[in-house]
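J.: My structure is below; once you've seen it, I'll send some questions.
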Amino acid sequence: MFPRQCSNDHRLRACSAAIAAVATILLLLPASTSQAQILKTESHMFGPFYDNQSYSNTFSLLSSAAVHLGAIQVTPDSAGDVVLTNRSGRVLFKNPFTLWNDRATQLVSFNTSFLVNVYRPKNNDTPGEGIAFLIAPSLFSAPLNSHGQFLGLTNASTDGNATNQILAVELDTVKQEFDPDDNHIGLDVNGVRSNVAVPLTPLGFQIAPNGTRFHVVWVQYDGRRKQIHVYIAEQSDKDAPIVAKPAQPVLNSSLDLTQVLNRVSYFGFSASTGENVELNCVLRWNISIEVFPDKGGIGNALKIGLGVGIPTLVLIVACFVGWVLWLRRKNKESESNILGTLKTLPGTPREFRFQELKKATNNFDDKLKLGQGGYGVVYRGTLPKEKLEVAVKMFSRDKMKSADDFLAELTIINRLRHKNLVRLLGWCHKNGVLLLVYDYMPNGSLDNHIFCEEGSSSSSSTPLSWHLRYKIITGVASALNYLHNEYDQKVVHRDLKASNIMLDSDFNARLGDFGLARALENDKTSYAELEGVHGTMGYIAPECFHTGRATRESDVYGFGAVLLEVVCGQRPWTKNEGYECLVDWVWHLHREQRILDAVDPRLGNECVVEEAERVLKLGLACSHPVASERPKMQSIVQILSGSVHVPHVPPFKPAFVWPAVDLSSLASDLTASTTTTEYTPMNSNTHSIRVEFSDTSSPVSTKHTMH
C-alpha cells in the first residue's frame, strides 16, 4: 500500500552500513579535509518595490502584509478604508537558508541591511507597536492575537517557548513593563522579552518621529565567533544611495544559532499595531549570506581527497550515502515546516499515531473507502480503544501540494466550532503521509438521500422527508452564517454542494470538506488563487469566471443551488422542459406562478406548501446573476426561520452583466493583495479554471467528497 514506507527500513539499514564504511575511510583523508569548508557568498537585493509588479514568487506576504505604494507594508498602510488598529503581519523571503552543516560544527555568517520608514499616520499621535527583522522556521502567518506588544512574533500562549525557533531584531515604539523605554532596539529569542535591549534616544535616533524619517539597519552575524552585531544610521532620502555603515554597533551579543533556530530557516520581517498605530514600511532590503556547497561539490571534494589510490567503489558508496542523506534531510525539512505550523495553532488538535490509524482502517483497505477526489481519499475506520468510528482523510497529490492542502485545511477547520460543521478530531504526519481525522457521519452525504439515483450503491432507496430536508438546509444556513459573520475571521467555503453536506445519526447537517475554504483578512472581501477558479460546475457563481475571486456572495450562490436541489430532488444541471439547468426551469415556473410544480414529486402531500414556496423563492434569490442582489446569510437564516419575508424575485431571470461592481472599490481591494489573495484577471491569456463535473458515476458523488 505504501512502498515508500516499506522501503525506508531497508534504505536506512543500507545507509547505516555505508556510513560506517565511509567514516573509516574519512579518517585516512589528509588533515586539510577535516577543516572547515570555505563557503561561497550568495547575495539578494530587493527594492525599489513597484505596485504593478507581482512579488508572489519572491515573498510570502502573510496576514495583513502587502506590497503597496513603493514599499513592503508589513502592517496595513493608510490608503483606502482599512482597519489599522490591532493588526499583525509577516513578510518572508521564500528562499530558505541553511544556517549550519550536518554536524553543527560550522555556522554560516550573514549580513542583512534594510531601509525602513516607521511613520505616524497622524503627527503627534503616539505610535505603536513596532517592526522586527525575523528569522523563522517556516513560511506561515503570525499566530492569532499576535498584534500589540507581540509584534507579529508570538502571542500570550506561545511567547517564550523554545519550540517557536525564532530570532528577531526589534524596533519597538511602545514601552511594556519589561522594556527600557518606548524607543529602543532589542534582540528577541523566541519571544518579545528582549535578551538585550538598547535605548536609542541617547544615541540620537527616534524610530517613529513626527514627519517622515528613514533609517538603515544592518544585522551582521559572525558564524565563526557566534556573535551578532546590529548597526543603525539615518538616511536623508529614500532614493539616495545607502549611507555607509557606522563603525560601532548599537547592539552586540553572543549568540549560538544552533541553540535557537531551525537549521533551515527563512528571513523576513514582522510587525504589529495596537490601539495606537504606525505604518511599518520596508523600502529596500539586501541579504548577503554564506552558503554550503551542494552535494555535487561535496562529491568533487571527496574525489580529490581520495585520489591517492582509494578504490572508485568507495566514491560510489559515498555518493549513494549523500543521496540518501539528502532525501532524509528534505523529509525532515518538510516535517519541520509542518510541525512548526502545528505548534502555532491555538489548541493544537490531537496527534494520532500512524500505526493507530493504519490499524483502524485495516491498512487503508479499499473496501473501507468512503470517497475519493482530486485531493485525496477518505476511509472509514474504528479506533479500538475509544470504540469510535472516524473518517480518515489521506492527502494524495504530490508531496509539496499535499503539504499545502493539509495545512490549508487544518489551519481553517481546527479553529472552527459550530454544531453544523464536521468536527476535526486530529491529524497524523508520518513518512510523508498526511492524514486528518474527522467524526464519522453514519448517514453519509445529503446527495445520497435526495437524488436516490438508480444504479448507485450509496444512494438511499427512500427519499428524505420534507421535515428532515428543511431541518438540514436550516442547519447549513446556520453554519454558513457562522463562517461569514460570526467567526473572528470571514471564511469562504468555496465548495457548497449536497455531496459536501454530511448527515449524522439524527440527520443533523454537518457542513464538511474544507479543502478549498479560505479565511479572509478583515479588510478583504474576496479570495483568489493563481490557479484560477475552484469548485464544481453548477455551483460556481457567474462572476467568478471573470474575477477569479471567491466571495461570501459566491458562497450564497452555491447555497442557492443546494436549496433548489434539496426541494426539487434534482441536480443543478438537470434539463427540464427544454431548459438547460435546474435554476432556469424553476425561474420559468415562478414566472408562470406554478413554482410548487418544482417540488420533488416523491414527497407527495408530505411537504409544507408555505415552507416549500419559501425555500424555492429563496433559492432563486440566492441564484441572482448579480452578486450584490443576493441576500446576506444573516437574512437567509431569518427567512428560513419564518421571521423575515423572502426578498422580491423578478418574474424573469435577470441577465448577467459584467462588470457589476464598482471597479474603483475593486481596484482599492486589489492594490494591497498578498500572495494568497493576489488578483488574477481572467482574459484570453489567463483563463485558468479548476472545476469538477459531477454525474452519477463521478467520484464526487460518493459519501465523502475530496478536493
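The values are calculated or read from the model by the stated rules, or taken from the named source; none is laboratory data. Note that this is a predicted model, so its numbers are computed, not measured. Cβ atoms come from the backbone with ideal geometry, glycine included; neighbour counts cover every protein chain shown.
J.: Among the residues in region 63-79, are any modelled with pLDDT under 80, outside the structural domain of residue 317 (by TED's automatic domain parsing) and surrounded by fewer than 15 Cβ atoms within 10 Å (Cβ to Cβ)?
T.: Yes, because at least one residue in region 63-79 is modelled with pLDDT under 80, outside the structural domain of residue 317 (by TED's automatic domain parsing) and surrounded by fewer than 15 Cβ atoms within 10 Å (Cβ to Cβ).
J.: Scan (1) at positive phi; (2) surrounded by fewer than 22 Cβ atoms within 10 Å (Cβ to Cβ); (3) within 33 Å of the chain's Cα centre (by Cα) for the single condition residue 573 breaks and write down its number.
T.: It fails just one condition, (1).
Here's the yes/no breakdown for (1) assigned to a strand (DSSP E or B); (2) of a type in the set (Phe, Trp, Tyr); (3) loosely packed, with under 14 Cβ neighbours inside 10 Å; (4) touching a Ser or Thr at 6+ places or on another chain (Cβ under 8 Å):
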site: 152; (1), (2), (3), (4): no, no, no, yes
site: 160; (1), (2), (3), (4): no, no, yes, yes
site: 169; (1), (2), (3), (4): yes, no, no, no
site: 192; (1), (2), (3), (4): no, no, no, yes
site: 202; (1), (2), (3), (4): no, no, yes, no
site: 206; (1), (2), (3), (4): no, no, no, no
site: 209; (1), (2), (3), (4): no, no, no, no
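J.: May I pose another question? If I filter region 564-596 down to residues being in contact (Cβ under 8 Å) with a residue 12 or more places away in the chain and touching a strand residue (DSSP E or B) at 6+ places or on another chain (Cβ under 8 Å), which single residue comes out as farthest from residue 617 (Cα to Cα)? Give the derivation first.
T.: Restricting attention to region 564-596, the residues satisfying the condition of being in contact (Cβ under 8 Å) with a residue 12 or more places away in the chain are 564-573, 581-587, 590-591, 595-596.
Okay, now just the ones that are also touching a strand residue (DSSP E or B) at 6+ places or on another chain (Cβ under 8 Å), so 570, 582, 585.
Numbers: 570: 16, 582: 13, 585: 13 Å.
For region 564-596, the residue satisfying everything is 570.
J.: Okay, next question. Working only within region 127-150, note down all residues that are among the aliphatic types (A, V, I, L, M) and crowded, with 23+ Cβ neighbours inside 10 Å.
T.: Taking region 127-150 first, the residues among the aliphatic types (A, V, I, L, M) are 131-132, 134-136, 139, 142, 144.
If the condition is that a residue be among the aliphatic types (A, V, I, L, M) and crowded, with 23+ Cβ neighbours inside 10 Å, then 131, 132, 134, 135, 136, 142 are the ones that fit.
J.: Give just the number: which of (1) at pLDDT 95 or above; (2) within 18 Å of residue 114 (Cα to Cα) does residue 227 not satisfy?
T.: With (1) at pLDDT 95 or above; (2) within 18 Å of residue 114 (Cα to Cα) applied to residue 227, the lone miss is (2).
J.: With the checklist (1) in contact (Cβ under 8 Å) with a residue 12 or more places away in the chain; (2) more than 24 Å from residue 60 (Cα to Cα) in hand, flag the one item residue 240 doesn't pass.
T.: Evaluating residue 240 over (1) in contact (Cβ under 8 Å) with a residue 12 or more places away in the chain; (2) more than 24 Å from residue 60 (Cα to Cα) leaves (1) as the failure.
J.: Here's something else I'd like to know. Please identify the pairs in which a residue from region 461-477 that is farther than 10 Å from residue 509 by Cβ and in the same structural domain as residue 555 (by TED's automatic domain parsing) has its Cβ atom under 8 Å from the Cβ atom of a residue that is surrounded by fewer than 20 Cβ atoms within 10 Å (Cβ to Cβ) and of a type in the set (Phe, Trp, Tyr), counting only partners at least 6 apart or on another chain.
T.: Once the first residue is farther than 10 Å from residue 509 by Cβ and in the same structural domain as residue 555 (by TED's automatic domain parsing) and sits in region 461-477, its partners that are surrounded by fewer than 20 Cβ atoms within 10 Å (Cβ to Cβ) and of a type in the set (Phe, Trp, Tyr) give 464/507.
J.: Moving on. Is there a residue in region 121-136 that is in a strand (DSSP E or B), touching a residue at least 60 places away in the same chain (Cβ under 8 Å) and among the charged types (D, E, K, R)?
T.: Of region 121-136, the ones in a strand (DSSP E or B) are 130-136.
Then drop every residue that is not touching a residue at least 60 places away in the same chain (Cβ under 8 Å), which leaves 130-136.
Next, only the ones that are among the charged types (D, E, K, R) stay: none.
There is no residue in region 121-136 that is in a strand (DSSP E or B), touching a residue at least 60 places away in the same chain (Cβ under 8 Å) and among the charged types (D, E, K, R).
J.: For region 211-237, enumerate the residues that are without any contact (Cβ under 8 Å) to a residue 60 or more places away in the chain, assigned to a loop (DSSP other than H, G, I, E, B), more than 19 Å from residue 100 (Cα to Cα) and of a type outside the set (Ser, Thr, Tyr). Even if it seems obvious, please write down each step before you answer.
T.: Narrowing region 211-237 to residues without any contact (Cβ under 8 Å) to a residue 60 or more places away in the chain: 225, 227-229, 231-234, 236-237.
If we keep only those that are assigned to a loop (DSSP other than H, G, I, E, B) too, we end up with 225, 236-237.
Still in the list and also more than 19 Å from residue 100 (Cα to Cα): 236-237.
Within region 211-237, just 237 meets the criteria.
J.: When region 561-584 is examined, which residues are found to be small (Gly, Ala, Ser), closer than 22 Å to residue 468 by Cα and outside any helix (DSSP H, G or I)? Let's see the steps before the verdict.
T.: If we filter region 561-584 for residues that are small (Gly, Ala, Ser), which is where we start, we get 561, 569, 578.
The next check asks that each one be closer than 22 Å to residue 468 by Cα; those that pass are 561, 569.
569 - this is the single residue of region 561-584 that is small (Gly, Ala, Ser), closer than 22 Å to residue 468 by Cα and outside any helix (DSSP H, G or I).
J.: For residues that are out of contact with any Ser or Thr (no Cβ under 9 Å at 6 or more places or on another chain) and among the aliphatic types (A, V, I, L, M), scanning just region 579-611, find the one that is surrounded by the most Cβ atoms within 10 Å (Cβ to Cβ).
T.: Checked region 579-611; the qualifying residue surrounded by the most Cβ atoms within 10 Å (Cβ to Cβ) is 598.
J.: Pull up region 423-462, narrow it to residues that are in a loop (DSSP other than H, G, I, E, B), touching a strand residue (DSSP E or B) at 6+ places or on another chain (Cβ under 6 Å) and not hydrophobic (A, V, I, L, M, F, W, C), then point me to the one that is modelled with the lowest pLDDT. Break it down stepwise before answering.
T.: Kept after step one, since they are in a loop (DSSP other than H, G, I, E, B), are these residues of region 423-462: 423, 431-432, 440-444, 446, 451-462.
Pick out the ones that are also touching a strand residue (DSSP E or B) at 6+ places or on another chain (Cβ under 6 Å) and you get 423, 440-441, 443, 446.
Checking which are not hydrophobic (A, V, I, L, M, F, W, C) leaves us with 423, 440, 443.
Details: 423: 88, 440: 92, 443: 91.
So, considering only residues that are in a loop (DSSP other than H, G, I, E, B), touching a strand residue (DSSP E or B) at 6+ places or on another chain (Cβ under 6 Å) and not hydrophobic (A, V, I, L, M, F, W, C), the one modelled with the lowest pLDDT is 423.
J.: Here is a check on your reading of the model: is residue 290 acidic (Asp, Glu), over 31 Å from the mean Cα position of the chain (by Cα) and assigned to a strand (DSSP E or B)? Before you say what the answer is, go through the steps one by one.
T.: Values: acidic (Asp, Glu): yes; over 31 Å from the mean Cα position of the chain (by Cα): no; assigned to a strand (DSSP E or B): yes.
Spelling it out, it is not the case that residue 290 is acidic (Asp, Glu), over 31 Å from the mean Cα position of the chain (by Cα) and assigned to a strand (DSSP E or B).
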